[in-house]
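All remarks here apply to the structure that follows.
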């Protein structure tokens, strides 16, 4: 039996703060193809246990600093989520 492989698209950074999604997200009538992040400020970290942060905490921070609702972040593909976690995690 032949092994079936599926090519996984990788997300790309357009510049230092804009992630072009490998898998666009349908959110209502809008298709989101990229996430633009701002640099987080102290207020963004108020409710995050930095020492014991979970994946959920980091994704919540991502939603905050790219000004998207959590429902958009929840729909990220695995490759896109990995990029977001690495980017946002670099601030912690």
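When all alpha carbon pairs of the chain are counted in 10 Å bins from zero, the resulting P(r) reads 15, 49, 25, 8, 3, 0 %. With each label modelled as a point 7 angstrom along the Cα→C-beta vector, the residue 34-residue 51 pair spans 4.0 nm.
Take the chain, connect every pair of alpha-carbon atoms lying under 10 Å apart with a spring to form a Gaussian network, then pick out the residue of 70, 49, 11 with the largest mean-square fluctuation. Comparing 70, 49, 11 in a Gaussian network model of the chain, the most mobile one is 49. Helix 55-65 and the longest principal axis of the C-alpha atoms of the chain enclose an angle of approximately 80°.
Out of every Cα-Cα pair in the stretch 29-81, what percent are more than 18 Å apart? Working shown, then result.
Details: 440 of 1378 pairs.
Result for the distance tail: 32 percent.
Springs join every pair of Cα atoms under 10 Å in this Gaussian network model of the chain, and among 15, 80, 60 the largest mean-square fluctuation is at 15.
Any idea what the relative contact order of the chain is, in percent, if you count C-alpha pairs under 8 Å spaced at least 6 apart? Walk me through the intermediate numbers first.
On the way: 93 pairs, mean separation 24.6, N = 92.
Over the chain, the number comes to 27 percent.
Between the helical axis of 78-89 and the longest alpha-carbon principal axis of the chain there is an angle of about 20 degrees.
Every number in this text was worked out from the coordinates using simple rules, so none of it is lab data. Model, not experiment: these values are computed from the prediction. All Cβ positions, even for glycine, are placed from backbone atoms using ideal geometry, and neighbour counts span all protein chains on display.
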